[in-house]
1. Output the qualifying pairs, or none if there are none: Cβ atoms under 8 angstrom, residues six or more apart or on different chains, first residue in region 348-376 and without any contact (Cβ under 8 Å) to a residue 60 or more places away in the chain, second residue surrounded by fewer than 23 Cβ atoms within 10 Å (Cβ to Cβ) and small (Gly, Ala, Ser).
2. Filter region 502-518 down to the residues that are under 34 Å from the mean Cα position of the chain (by Cα) and of a type outside the set (S, T, N, Q) and list them by number.
3. When the residues of region 273-301 are filtered to those that are in contact (Cβ under 8 Å) with a residue 12 or more places away in the chain and open to solvent by 50 Å² or more (accessible area, probe 1.4 Å), which remaining residue is farthest from the chain's Cα centre (by Cα)?
4. Just need a number here: residues in region 569-580 that are within 30 Å of Asn517 (Cα to Cα) and crowded, with 17+ Cβ neighbours inside 10 Å.
5. Select from region 388-427 the residues that are open to solvent by 40 Å² or more (accessible area, probe 1.4 Å) and touching a helix residue (DSSP H, G or I) at 6+ places or on another chain (Cβ under 7 Å) and list them in ascending order.
6. Please indicate, with yes or no, whether at least one residue in region 200-215 is closer than 19 Å to Gln88 by Cβ, open to solvent by less than 30 Å² (accessible area, probe 1.4 Å) and β-branched (Val, Ile, Thr).
7. Give the residue that is nearest to the chain's Cα centre (by Cα), with candidates limited to residues of region 479-501 that are over 17 Å from Glu278 (Cβ atoms) and charged (D, E, K, R).
8. So for region 634-652 (the condition being of a type in the set (S, T, N, Q) and more than 26 Å from Asp478 (Cα to Cα)), does at least one residue qualify?
Amino acid sequence: MRRLALSTAGTLAPAFAAMTLLSATLPTAALLAQGSPKTPPAPLALAPAQFPPFQEATLPNGLRLLVVENRKQPVISLSLSFAAGAVQEPTTRRGLAGMMAGLLSKGAGTRSADEFAAAIEGVGGGFSASAGDDFLGLYVNTLSRDAELAFSLLADATLRPTFPASEVELLRTQTLSSIQLGKSQPAVIAGRLYKQAIYGAHPYGAEADEASVKAITREEIVAFHKAQLRPQGALLVVAGAMNLATAKALATKAFAGWSGAPPKSAALPAVPARTANELLLVHRPGSVQSNVIIGNTTWLPSDSRSFAATVVNEVLGGGSEGRFFRILREEKGWTYGSYSGLSRKRGVGNFQATGEFRTEVTDSAVKVMLAQMRELRTQPVPMDEFTKRKGSLTGRFPLTVETAEQVAGQVATAKLLGLPADYVATYRQKLSAVTPASAQAAAAAAFQPDKGVILVVGDAAKLYDKLQGIATTLRLVDVDGKPLTPADLKPKATTLSLNWGALVATADSFVVKLQGNPFGYQTTRLERDGDGWRYVEKTVLGPVINQTSVITFSGTGVMRTSKQTGTVQGQEAMIDVTYANGKATGTSKTPGPQGPTSITVNSEMPAGALDDNVVPAFMPIMPFAANAKIPFTVFQSGKGSAKNSGITVVGEEEVTVPAGTFKTYKATIDGAEQPTFFYVTVAAPHRLVKIALQGAPIEIVLAK
């Protein structure tokens, strides 16, 4: 305590005294005469990165043990890795490895899921498990005094998971919800379809879908665990305040009786070889921006060109000093950021360049990205730029190996990928040895703008013509990857056949709950408006949203006007659109990260289309039934575009809300921006009693 006080008290005073002494002994003019250095000092020779000592051993059962001892803090980190990722899954059971990993701590040994969580959280530690394409890993972090518990929990999760049926079903539900949510997120859509495009039938190109997740049984999870989680070939890394002898003793005790090797991997399909580039345009109606990925497959992890490719990628899009960022954001103002990266896998890796751009500049941005990739393939990087970007890489590297846990992670990754033993220790020196010539050669191999994939997720109705000619071929698909034709870009008129005479005036009040707590309210009112109807909806969500929507329509559901006023996160939100003579005209202002975006609406209005804000008003007279699909066309008044939509009933559920308990149909809105479940009463008129947003802790429940 005394030492800390002296250090704190002495920080400013000596510096102030030294400045006073300097000003007294050296006149100001003399200081100015010396001037500032004209050139930076010569860089010091690169010293090897200082790693904490690490040691290796192999247990009698074949488990490899790596210990990285670092006693700066009284903590330990354990990670146990297996070559049991998605590549080991049956083709009809995508998601099996991930589900198995997610269940390892949901009941293990003699502990239930809650007891397992309480055991690790009770000592201030943490446990997690996850599966990637190549590997499955379990991770435990605790204080070193709780090392025995850490090893015990790790062993229970690895050797003795119980896979309770209730936990299997809960995880299945969560996984399906996550998949559904991903279908509404452009970045997720882009990543999924990009993998499919470059890897084809190879497992790296596959992802779990609803069908495969629904088909996975508990018995298959148990069998996959039994076959894949074996000690031979696995790697246990222990980092922190522990030596090899202690780690070996604890591991031997914890994993006693564990033996065996995983089954031999089946031969994998070859990665597609492209001879020309392809533009894959993914139609997401109404998108105001495009998500772009340009990329291709590269090479195996041991390829010696990886160091040079890392440097030239830093030049292209490795960060805020990369060319993509400087040109596309700082010079053009087309994006928040554009980057590139190299993905290393146990098999063939890939390169990808990414960016999100406004729809109207998407084609120009893609052309700039391709041009920069081509330039680096054919021209050496100017020495000044090359030196700065390479220096940034080598300078940052020591920050990635400051702790024993970081070093252990780096070394473990290298070992799992089969890289040389000195890979991490000599990494900085090998980066430093890269020359402009070797970087150009690596760029020519790693960047394939004319033999790769250009993937664009956006409103294809506005992009299709502008993107013609950029690639050898242009393929049009929907967000599920299903083929489309240009004719599909124009929404087909779908008119709801409803009993308009059954529509009656209503008024409902809802409570908005955030994580179960009241956060705002929503009121809806349907009332007569001359020979038609007026639907009024007011929503207040704490300080975030305060807006009112008013939609008018005829007695037979023909849209007339859509008006919206209010604020979203302090920004003005406004819609003023009139529907007449097959046209939608007006203006809208939509809040966004860079401020409100205003557009002029002047679009065709398909016959029978509904304003997207009025759908709840029509639910009371819609033909709800078990497994019903109710198609219709909506006009997005805030975006000025129409799209095909509809309601799909996915189940029945008894729902309790403040207004009472109701037997309901559980339904979704097809193509919604945010995947959402709507609950309407089975009994007609179908009253909306609950709205639940997938992936967000928000519910809107009927209050009275």
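The values are calculated or read from the model by the stated rules, or taken from the named source; none is laboratory data. Everything quoted here is computed from the prediction, not taken from an experiment. Please note: Cβ atoms are built from the backbone with ideal geometry, for glycine as well, and neighbour counts cover all protein chains shown. Side chains included, ligands, DNA and RNA excluded: accessible areas come from the protein's heavy atoms. Shrake-Rupley method; radii C 1.70, N 1.55, O 1.52, S 1.80 Å.
1. Gly349/Ser343
2. Phe510, Val511, Val512, Lys513, Leu514, Gly516, Pro518
3. To start, the set of residues in region 273-301 that are in contact (Cβ under 8 Å) with a residue 12 or more places away in the chain comprises 274-301.
Keeping just the survivors that are open to solvent by 50 Å² or more (accessible area, probe 1.4 Å) gives 274-275, 288-289, 300.
Numbers: Arg274: 27, Thr275: 30, Val288: 19, Gln289: 17, Leu300: 25 Å.
Step by step, filter region 273-301, then rank; the result is Thr275.
4. Pass one, region 569-580, residues within 30 Å of Asn517 (Cα to Cα): 569-574.
Filter once more, so that each one left must be crowded, with 17+ Cβ neighbours inside 10 Å: 573-574.
Looking only at that region, the number is 2.
5. Residues satisfying the conditions are Thr400, Gln406, Gln410, Tyr427.
6. The answer is yes, given that some residue of region 200-215 is closer than 19 Å to Gln88 by Cβ, open to solvent by less than 30 Å² (accessible area, probe 1.4 Å) and β-branched (Val, Ile, Thr).
7. Asp480
8. First, the residues of region 634-652 that are of a type in the set (S, T, N, Q): 636-637, 641, 644-645, 648.
Filter once more, keeping what is more than 26 Å from Asp478 (Cα to Cα): none.
Within region 634-652 (the criterion being of a type in the set (S, T, N, Q) and more than 26 Å from Asp478 (Cα to Cα)), the answer is no, since none of the residues qualifies.
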